[in-house]
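J.: Below you will find the structure I want to go over with you.
Every number in this text was worked out from the coordinates using simple rules, so none of it is lab data. Quick caveat, the model's predicted, so the values are computed rather than measured. Here the Cβ is made from the backbone with ideal geometry for all residues, glycine too, and neighbour counts use every protein chain on show.
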Amino acid sequence: MSKQSLPWERIGRGKNRPEKPTMLVDLRRCIGCHACSIACKTEHRVPLGEFRMRVRWLPRPDRPGISFLPLFHAQTCDFGANRTSFGMLPACVDACPTGALQFGDAADPDTQVHQAARNSRAVPLESQAPTRADVRYIGLEAWHPDAIHAGVELSPEDSDIIYEQGRHG
Ligand code: SF4
């Protein structure tokens, strides 16, 4: 049997690593499944109760129910540098089943991220203190109007922790 090359060997180290990386989050597609945050935890061996990125569940502004807001920690999330250094996508992007996360160089007009951000008027959280500044959200005004200016706490005990510790139901 011939030796199979690993994905990063085929792509080539650093080939697709963006100079100015941007994460684009399409809130219209996010179903709050936590695949992204759990993939991140697995990839980086993040201890229980801690997160490099996470998905907050928040009340819907327009009717009863919840909506979802993926957040990326300014202090700990490096957009999967261990993978992007090899031309791969961050684990969270690879794991997302709905295509809600896109990653690339938003300054490069040839990239899908650039075109999607421009066409959808993606915006960042204005109060970014605990979260990365280079994350842009599609649908933020409709889904989380309060969060645009006020930001969102990263640490309250909510759905992510309940999920990973099996305390739901
Ligand atoms: S994996 Fe995708 S759909 Fe699931 S919570 Fe994360 S961003 Fe949303």
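J.: On a full-extension model of 0.36 nm per residue, what is the gain between residue 94 and residue 42, subtracting their alpha-carbon distance, rounded to one decimal in nm?
T.: Gain on extension, residue 94 to residue 42, equals 17.4 nm.
J.: Between residue 67 and residues 5 or more places away or on another chain, which pairs have amide H atoms under 5 Å apart, with H built 1.01 Å from N, and which residues are they?
T.: Result for residue 67 returns 58, 60.
J.: Further, regarding this structure: Starting from the 7 Å offset along Cα-to-Cβ, what nm value, one decimal, do you get for the label separation of residue 107 and residue 146?
T.: With each label point 7 Å from Cα toward Cβ, the separation is 3.6 nm.
J.: While we're here: Using only alpha carbon pairs under 8 Å that are at least six residues apart, calculate the relative contact order of the stretch 35-115 and give it in whole percent.
T.: 24
J.: To the nearest 20 Debye, how big is the dipole of the stretch 26-164 about its Cα centre, given +1 on the beta carbon of each Lys and Arg and -1 on that of each Asp and Glu?
T.: Here the stretch 26-164 has a charge dipole of around 220 debye.
J.: From the gyration tensor of the Cα coordinates in the stretch 33-159, what semi-axes in whole Å does the equivalent ellipsoid have, largest first, with each one equal to sqrt(5λ)?
T.: Sorted largest first and rounded, they come to 22, 20, 13 Å.
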